[in-house]
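The values are calculated or read from the model by the stated rules, or taken from the named source; none is laboratory data. Computed from a prediction, not measured in an experiment: that's the story for all the values here. Quick reminder, even Gly has a Cβ in these numbers, built from the backbone with ideal geometry, and neighbours come from all protein chains shown. Protein only, heavy atoms only, side chains kept; ligands, DNA and RNA dropped before computing areas. Shrake-Rupley method; radii C 1.70, N 1.55, O 1.52, S 1.80 Å.
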Amino acid sequence: MSYAVALRSARAGRLYPSVILHGRDAPARQQAALELARTLLCEAVVAQDRPCGVCRHCRRIVWPDAAEAGAKAKGEAPFHPDFQVLERDLKTATSVEATRELLRTAQVSPFEARGQVFAVASAETLSGEAANALLKTLEEPHVSAPRHFFLLAPSAHDLLRTLRSRSLAVFLGPAEPVDAAAVEPLARAFHAAASGWVQSGAAIYLLAAADALSRAGGWEDPRAARPWATVAAAVVRSLDLDPPAAAPARQARLALAEALLGGPALRLRSVPADRILEGLVARFLAP
Ligand SMILES: [Zn+2]
């Protein structure tokens, strides 16, 4: 699912209880979690105006580090009791003790807002025991008020399969900075071929779509992540081109973009780049 759709669902009060925010970099993931949390707890009367940015909920939903810095400047710490962040506490893991402590808060009713939001800052570092404790909470129906969990990670594939299967993955975009000028012609050529496939069902269009992406170049170095980030960005960009793709095709393209970011791992198994592109395009666009 795209971030824009997740935001619309949050405004409508229909956001899935457990959401994986993955892609981009850590600050971008935090920003997405904050905006969604404000949207869910904002008290603006008109849903379209959420997050309003000025109500007593919006103003106090801040990331813990930012809260400390802001407190020094203003002499007060913004803090919302119904928005909690679980940070990685040991050097390499998010411990089960810290996770259980967070989950205990999830057993009580919201203090002030109409719901509760919990963010796990580095969900890929949840220890197995911590992930299972979280999983158990996700499986319990909430009793009184809406309860939302955001799991932040570089890639949804870094999380346990059981957590993934109970969560909605929202892809924020590739992590590597990509050259927008290089992305545009790739996006247009891919869009034309992928639209041709939807209209005609002729396999030649799938090959053309893969070929369009292969023009990104830079495939010689099997460890290079940039060409994969470029083609993933081109596929995401194609969603904004005319004529717009229908909803199922959009979802297929988003899934393809995510899979393309895993390209370097496949390259290291000595699969040539053009073969990977053809395989992934066929798997996601023509399942
Ligand atoms: Zn607000």
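Sub-9 Å Cβ pairs linking a first residue in segment 62-84 that is more than 16 Å from L41 (Cβ to Cβ) to a second residue that is modelled with pLDDT under 70 and open to solvent by 70 Å² or more (accessible area, probe 1.4 Å), at least 6 apart or interchain, are G70/E76; A77/E68, ordered by first then second residue. Taking residues in segment 164-178 that are farther than 18 Å from A26 by Cβ, and partners anywhere that are of a type in the set (D, E), the pairs with Cβ atoms closer than 9 Å and at least 6 places apart or on different chains are R166/E139. The set of residues in segment 47-69 that are open to solvent by 20 Å² or more (accessible area, probe 1.4 Å) and either among the polar types (S, T, N, Q) or away from the ligand (no atom under 11 Å from the Cβ) (or both) comprises A47, Q48, V62, P64, D65, A66, E68, A69. Do any residues in segment 31-51 that are charged (D, E, K, R) have Cβ atoms under 6 Å from those of residues that are open to solvent by 40 Å² or more (accessible area, probe 1.4 Å) and more than 6 Å from the ligand (Cβ to nearest atom), where the two are at least six apart or on different chains, and which pairs are they? What qualifies is R50/R11. On the stretch given as segment 200-229, residues that are in a loop (DSSP other than H, G, I, E, B), open to solvent by 40 Å² or more (accessible area, probe 1.4 Å) and over 16 Å from V183 (Cβ atoms) total 5.
Hey, does segment 30-41 have a residue that's modelled with pLDDT under 95, crowded, with 16+ Cβ neighbours inside 10 Å and small (G, A, S)? No; the residues of segment 30-41 include none that is modelled with pLDDT under 95, crowded, with 16+ Cβ neighbours inside 10 Å and small (G, A, S). Entry remark, segment 33-44: residues being more than 16 Å from P64 (Cβ to Cβ), of a type in the set (A, V, I, L, M, F, W, C) and in a helix (DSSP H, G or I) number 3 in total.
The residues of segment 16-29 that are at pLDDT 95 or above and open to solvent by 10 Å² or more (accessible area, probe 1.4 Å) amount to a single one, R29. Take the conditions surrounded by fewer than 17 Cβ atoms within 10 Å (Cβ to Cβ), closer than 23 Å to R60 by Cα and over 16 Å from the mean Cα position of the chain (by Cα) and apply them to Q116. Does it pass? It is false that Q116 is surrounded by fewer than 17 Cβ atoms within 10 Å (Cβ to Cβ), closer than 23 Å to R60 by Cα and over 16 Å from the mean Cα position of the chain (by Cα).
The residue that is farthest from the chain's Cα centre (by Cα), among those in segment 5-30 that are within 16 Å of the ligand (Cβ to nearest atom) and assigned to a helix (DSSP H, G or I), is R11.
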